[in-house]
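Each remark here refers to the structure printed beneath this line.
The values are calculated or read from the model by the stated rules, or taken from the named source; none is laboratory data. Please read all numbers here as calculations on a predicted model, not as lab measurements. Here the Cβ positions follow ideal geometry from the backbone for every residue, glycine too, while neighbour counts run over all protein chains shown.
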Amino acid sequence: MRRIWMILALTILLAAGMGTPNALASGPSCKGISCRGIWPESTNCAGTHAHTVQGAHYANGNWGRIYVELRYSGYCVSNWSRVSVVRTQYWNGWPNYLYAYAHEQWNNYTQDYGRSYSPYLGVGAALHTRMVDGYDIVQACGGMKNYAYSGWYDPWSCYEG
Amino acid sequence: MSRKSGLRIFALLLAVAALAAAGWWQFGRPASVAEAQGPRLRFQTLAYSDTFAVVVFDVDYARSAHNPGCAPTDVTLLDADGKVLASSRQKGAAFTQCAPRENQPTTAHYQTMLVGDFAHHPPTKVQVAVAEAQRPNAVRDVYLSARAPQHATLDKWRGLQNGRLKIKDALRAGQVFYLQACQKLPDAGDWTPSGNLRLADGTPGWVLNVWAVPYYNAPGVLTSAQRCFLVQFIPNPDHAPGTRATPAQMQITWQRNIPECIEDAVFQKHVAPLLAKANLSKSPAFHKITLPDGEVQWCVPQGGLPANVRKALTPWTAGPTTTLALP
């Protein structure tokens, strides 16, 4: 009888440990301030349940047009910034650098990310930042420029929300 | 004066000097005076409808000639008694967009949309606190509008509906239109609106620019297929309408965003078949990632998706288009 109880207990333990991956997910990978500085893709915050909650289609400048998004995960209560290139144009060269940053307004904490593209940026190029605390008011910014020549009217755009 | 009182006064003066040096003395200062070394703010549009308000202003960063970006701002609507009616410090209730102003070096153009019950509590003042460009949260200037926001509701647009799209509220500020609308979407997913306002001859005279989801952080808002949104239409840069032109039709198209990562179940159901159909199954567009808890997801690498992959996913990303006749 004792052996039967042991087998039953082991079976229950195994069943609990071998469920589907989704059943294993006990909750968000991080929440609020604990998401700070973590890439969304290394967590379960950036899936199809994440949303763009603010955007502007006509962020123009000398190098063309970009689309900046304020991204939000309600599951993790985190924000991040994503930028993509809509159009490029020649102006003292071609744009070759894309960047984004997300700034917690009250806590004064920033995550930024940028990268060079060689020989230049193409339409559809996109990148995003690490996450910041989604309980704070977050400013999400993005832009593109020519690494050797940056001017006031580079296309950039920021959102606070 | 006793030695004790002298020490007290000295300590008080020291504290005031320290606060002034830190810039805190500028908080709450009800003045519209621009400091010589601070940003200069110029109010443009101050308008409200029953359920939202729009504040548009320019900030000239004369001393920061090299692309300072947008310094964070605080926008507050006040009533006649100085009571706060709406504030950008309430997450999800206000959205500010900022971008450089063309042909005006060192000037950043801001616009804030705030939601609130302005039908019962009309705003009479607007206060904007703006930080130094390179020192967010440091020294701020506070500006108070000299004029009251205008009630600019477009009554004839309110309540217009076509199928799953309904205009809740709208306002016009010069040649720019703002509205709050709701759309029943195919699901509660991550959707982005685009669209235009057309003239009677079908020309897209205005294009959808800024959009936002009010109270996106409130429970139920993003988990519902009924999506309410604030949107701004600006004159079409390619076909600007005449100053007396009026829109006759609104068209809004929704597109599903491709997230940074797609859960395996969703990927296998919606994405993999489309990639296979386009002979892109072996494309390295998505990286397979296994999270510590065993969950598998397919992630877009930094850099973005190739154009042919984005095109192949169109059947999954395309959303509804609704046209609404405007009186």
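Tabulated results
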item: Residue check for B:R244: charged (D, E, K, R) and assigned to a strand (DSSP E or B); result: no
item: Elements of type strands (runs of 3 or more DSSP E) in region B:250-327, at least 1 residues being within 14 Å of another protein chain (Cβ to nearest Cβ), surrounded by 16 or more Cβ atoms within 10 Å (Cβ to Cβ) and in contact with a Leu (Cβ under 8 Å, 6 or more places away or on another chain); result: B:296-299, B:318-325
item: Test: residue in region A:98-108 that is among the acidic types (D, E) and assigned to a strand (DSSP E or B); result: yes
item: Failed item in (1) in contact with a Pro (Cβ under 7 Å, 6 or more places away or on another chain); (2) over 30 Å from B:L165 (Cβ atoms), with B:T290 passing the rest; result: (1)
item: Test: residue in region B:115-126 that is part of a strand (DSSP E or B), touching a Leu at 6+ places or on another chain (Cβ under 7 Å) and away from chain A (no Cβ under 14 Å); result: yes
item: Residue tally, condition modelled with pLDDT under 80 and small (G, A, S), over region B:93-110; result: 0
item: Close pairs (7 angstrom Cβ cut-off, 6 or more residues apart or separate chains): in contact (Cβ under 8 Å) with a residue 40 or more places away in the chain in region B:78-92, buried (at least 16 other Cβ atoms within 10 Å of the Cβ) and of a type in the set (D, E, K, R) anywhere; result: B:L78/B:K125
item: Those residues of region B:90-121 which are of a type in the set (K, R) and in contact with a Ser or Thr (Cβ under 8 Å, 6 or more places away or on another chain), in sequence order; result: B:R101
item: Close pairs from region B:240-257: first touching a residue at least 60 places away in the same chain (Cβ under 8 Å), partner of a type in the set (K, R) and buried (at least 16 other Cβ atoms within 10 Å of the Cβ), Cβ under 8 Å, at least 6 apart; result: B:P247/B:R198; B:A248/B:R198; B:Q249/B:R198; B:M250/B:R198; B:Q251/B:R198
item: Residue in region B:75-102 that is nearest to B:L144 (Cα to Cα), counting only those that are away from chain A (no Cβ under 14 Å) and among the small types (G, A, S); result: B:G82
item: Sole exception among (1) small (G, A, S); (2) within 13 Å of chain A (Cβ to nearest Cβ); (3) in contact with an Asp or Glu (Cβ under 9 Å, 6 or more places away or on another chain) for B:S224, by number; result: (3)
item: In region A:44-70, the residues that are under 13 Å from the mean Cα position of the chain (by Cα), touching a residue at least 60 places away in the same chain (Cβ under 8 Å) and within 7 Å of another protein chain (Cβ to nearest Cβ); result: A:V53
item: Search result, residues across region A:68-94 that are assigned to a strand (DSSP E or B) and closer than 22 Å to A:S118 by Cβ; result: A:R82, A:V83, A:S84, A:V85, A:V86, A:R87, A:T88
item: Search result, residues across region A:111-137 that are in contact with a strand residue (DSSP E or B) (Cβ under 8 Å, 6 or more places away or on another chain), under 21 Å from B:T73 (Cα atoms) and at the interface with chain B (Cβ under 8 Å from one of its Cβ atoms); result: A:G134, A:D136, A:I137
item: Subset of region A:102-132 [surrounded by fewer than 22 Cβ atoms within 10 Å (Cβ to Cβ) and touching a helix residue (DSSP H, G or I) at 6+ places or on another chain (Cβ under 6 Å)]; result: A:G124
item: In region A:138-161, the residues that are buried (at least 24 other Cβ atoms within 10 Å of the Cβ), facing another protein chain (nearest Cβ under 7 Å) and assigned to a loop (DSSP other than H, G, I, E, B); result: A:G161
item: Unique residue being modelled with pLDDT under 95 and either under 30 Å from B:V55 (Cα atoms) or among the aromatic types (F, W, Y) (or both) when the list is B:R256, B:R227, B:R244; result: B:R244
